[in-house]
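The values are calculated or read from the model by the stated rules, or taken from the named source; none is laboratory data. Just so it is clear, the model here is predicted, and its values are computed rather than measured. In this analysis, Cβ positions are derived from the backbone assuming ideal geometry, glycine residues included, and neighbour counts consider all displayed protein chains.
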Amino acid sequence: MFLIIGAAALAALYFWYASLIARRNKVREALSSVDVHLNQRHDLIPNIVALAGRYMEHERALLTEVTRLREQARSTAPTNPAETGKRFALEGELGQRMAQLMVGMEAYPDLKADRPLMDAQHTWTETEAQITAARRFYNAAVNQLNNAVQIFPGSIIAAVAGVSAMPFFEAPAEARVAPTVDGILGPAK
């Protein structure tokens with residue numbers, strides 16, 4: 001009788017362990033997908049900054065800030081939950097600054113008519129949509145993993161297996177407010 005109960009308990013622990021590992025791997029897969037799209041975003045930024053820099057002499061500080069954030073985000077590899085959270089914070093700030101740049105470009109008619117920049121903006125919009133989809137997939141996988149890690153007996157099994165909760169990829173609070181031309185360039189005169 002005890003042998004059957006012991007075998008059933010071991011089988012349950014094994015299946016719980018296997019479930020945790022599968023969920024952790026799903027998060028890693030989702031994180032890899034997010035990373036691919038973020039790298040596409042990073043590859044677009046130098047072109048957009050260079051094109052915008054031709055016309056936007058008064059926004060040099062913003063262009064410099066975008067370049068700095070891009071380099072910081074690229075150098076932060078998501079290898080553990082703390083690094084992943086740091087990377088997501090940098091990506092949120094970078095996205096916010098790029099949104100300011102895109103809105104700021106609206107004030108420059110010559111820039112709005114620049115065909116290479118229009119193409120870059122279109123590609124940017126597509127990439128941001130892909131990042132949004134990848135973020136949803138990642139956050140769903142993280143939700144499942146975090147629930148499994150934080151609910152008993154998963155918390156014990158996760159500690160033994162070295163599986164930990166992962167951060168969600170959330171937009172920073174200030175990025176939830178859409179930038180406006182007046183907010184970036186000041187009120188129209």
Quiz item: Which residue pairs have Cβ atoms under 8 Å apart, sit 6 or more places apart or on different chains, and have a first residue in the range 38-65 that is at pLDDT below 85 and a second that is basic (Lys, Arg) and in a helix (DSSP H, G or I)?
Solution: Gly53/Arg60
Self-check item: Matching residues in the range 72-96 - criterion: being assigned to a helix (DSSP H, G or I), surrounded by fewer than 13 Cβ atoms within 10 Å (Cβ to Cβ) and either of a type in the set (A, V, I, L, M) or touching a helix residue (DSSP H, G or I) at 6+ places or on another chain (Cβ under 7 Å) (or both)
Solution: Ala82
Practice problem: Those residues that are surrounded by 11 or more Cβ atoms within 10 Å (Cβ to Cβ) and in contact with a helix residue (DSSP H, G or I) (Cβ under 9 Å, 6 or more places away or on another chain), I need them from the range 147-158; list them, please. | Solution: Asn147, Ala148, Val149, Gln150, Gly154, Ser155, Ile157, Ala158
Quiz item: Quick one: what pairs do we get from the range 1-23, first residue at negative phi and touching a residue at least 40 places away in the same chain (Cβ under 8 Å), second surrounded by fewer than 10 Cβ atoms within 10 Å (Cβ to Cβ) and in a helix (DSSP H, G or I), C-beta under 9 Å, 6+ apart or different chains?
Solution: none
Practice problem: All but one of (1) farther than 21 Å from Glu29 by Cβ; (2) free of Cβ contacts under 8 Å to residues at least 40 places away in the same chain; (3) not aliphatic (A, V, I, L, M) hold for Glu83, so report the exception by its number. | Solution: (1)
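For (1) closer than 16 Å to Lys26 by Cα; (2) in contact with a helix residue (DSSP H, G or I) (Cβ under 7 Å, 6 or more places away or on another chain); (3) assigned to a helix (DSSP H, G or I); (4) touching a residue at least 40 places away in the same chain (Cβ under 8 Å), each residue gets a yes or a no:
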position	(1), (2), (3), (4)
Met98	no, yes, yes, yes
Glu106	no, yes, yes, yes
Pro116	no, yes, yes, yes
Ala120	no, yes, yes, yes
Glu126	no, no, yes, no
Arg135	yes, yes, yes, yes
Leu145	yes, yes, yes, yes
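Being out of contact with any Cys (no Cβ under 6 Å at 6 or more places or on another chain), more than 23 Å from Ala129 (Cα to Cα) and outside any helix (DSSP H, G or I) is true for just one of Tyr14, Tyr55. Which residue is that?
On the way: Tyr14 fails: outside any helix (DSSP H, G or I).
Only one candidate passes the filter, namely Tyr55.
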